[in-house]
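Trainee: Okay, handing you the structure first.
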Amino acid sequence: MPKGSLELTQARHDEIINACAKLYETMSFKEITIKEIANFTSFTRPSIYNYFRTKEEIFLALFRQEYEIWTKDVDSLKPSGKENTRLEFSDQIAHTLERRERLLKLLSTNLNEMELNSRPENLVAFKIAYGASVDAVGNCLKRFCPDMSEQNREEFVFSFFPLIYGIYPYAVVSDVQREAMEKAGVHFRYMSIYEIAYLGARKLLGI
């Protein structure tokens, strides 16, 4: 870690992650390199290695950041008391995912590669953020569905998280992919991120 104030270190760290996020809007995980990321920062490529050893560590840090933002969003959800709370939960949790398209895109990327090419301390920090999101969804269920048993809440959570891993490739489809599906004669219902998450949550809640 380079010498300097903690503020400078954090600022450099954030600048690298933000550069990666910017590139990820138009490029794929495989296309992005540390050289490309460096071009979007105020310092040189060698300097990046003072903060991250691999591209995968940068992506894992971005992934962690996305989980933390989503967790805060989920923590803020509260039932209105004006409608069926299970329907309301499904609606509100789906909207949180609709706002986190980058998180869903990352979930559809090769997470295993990111984890294997990151140092243990970075992997632990990522898992802490992931665990916090799992707890946030479970606690949110407690607020919206206080009648649910602990076992049923756990079953929902550990079914819902695998579901959201597949949302992005189903909801975000290129023209080429759409044309290929049509030519192959495959019946496919195109749905938005919100629709998939909402229907999935409802099915898991039995409504």
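Bear in mind that the values in this text are calculations on the coordinates, not laboratory data. Predicted model, so just to flag it, every value in this text is computed and none were measured. As a convention, Cβ positions derive from the backbone with ideal geometry for all residues, glycine included, and neighbour counts pool all protein chains shown.
Trainee: From a point 7 Å beyond the Cα of Val176 in the direction of its Cβ, which residues of the stretch 16-52 have a backbone N at a distance under 13 Å?
Mentor: Under 13 Å, as judged by backbone N against the label point of Val176, lie 28 of the stretch 16-52.
Trainee: Rank Thr85, Leu6, Cys145 by how far each Cα sits towards the positive end of the charge dipole of the chain (+1 on Lys, Arg Cβ; -1 on Asp, Glu Cβ) and give me just the farthest.
Mentor: Farthest towards the positive end: Leu6.
Trainee: Same structure again: Helix-only mean residue ellipticity at 222 nm, the chain, DSSP H runs n ≥ 4 weighted -39,500 (n - 2.57), per residue, nearest 500. What is it? It would help to have the intermediate numbers written out before the result.
Mentor: Details: 12 runs with 145 residues, N = 207.
When only DSSP H runs of four or more count, the value is -22000 deg cm²/dmol.
Trainee: If you don't mind, there's one more thing I want to ask. Over the stretch 73-179, what lengths in whole Å, largest first, do the semi-axes of the equivalent ellipsoid take, defined as the square roots of 5 times the eigenvalues of the alpha-carbon gyration tensor?
Mentor: Details: eigenvalues 146, 83, 26 Å².
Taking √(5λ) for each Cα gyration eigenvalue gives 27, 20, 11 Å.
Trainee: Return Ile167, Ile17 ranked ascending by Cβ neighbour count within 10 Å, so the fewest neighbours appear first. Don't skip to the end; give the middle numbers.
Mentor: Values: Ile167 26, Ile17 20.
The most exposed by this proxy come first: Ile17, Ile167.
Trainee: Moving to a separate point now. What is the fewest-to-most order of Tyr170, Tyr165 by other Cβ atoms lying within 10 Å of their Cβ?
Mentor: Details: Tyr170 17, Tyr165 12.
Least to most surrounded, the residues fall as Tyr165, Tyr170.
Trainee: Quick check: the distance between the Cα centres of the stretch 99-115 and the stretch 72-95, to the nearest angstrom?
Mentor: Rounded to whole Å, the Cα centres lie 24 Å apart.
Trainee: For the pair His187 and Arg119, what calculated FRET efficiency results from E = 1/(1 + (r/R0)^6), where r is the Cβ-Cβ distance and R0 = 45 Å, to the nearest 0.05? Walk me through the numbers before you get to the answer.
Mentor: On the way: r = 46 Å, r/R0 = 1.01.
For R0 = 45 Å, the calculated efficiency reads 0.50.
Trainee: Another question, if that's okay. Leaving out same-chain residues fewer than 8 places away, which lysines sit with a Cα under 26 Å from that of Lys82?
Mentor: Lys72, Lys142, Lys203
Trainee: Compute the long axis of helix 6-24 from its Cα atoms, compare it with the longest principal axis of the Cα atoms of the chain, and write down the angle in degrees, 0 to 90, nearest 10.
Mentor: Long axis of 6-24 versus the principal axis of the chain: about 70 degrees.
Trainee: To make sure I understand, if each residue's beta carbon is the centre and we count other beta carbons within 10 Å, what order do Cys140, Cys145 fall in, fewest to most? Walk me through the numbers on the way to the answer.
Mentor: Values: Cys140 22, Cys145 18.
Least crowded to most crowded, the residues run Cys145, Cys140.
Trainee: Distance from the Cα centre of the stretch 130-185 to that of the stretch 24-45, in angstrom?
Mentor: Between the Cα centre of the stretch 130-185 and that of the stretch 24-45, the gap is 29 Å.
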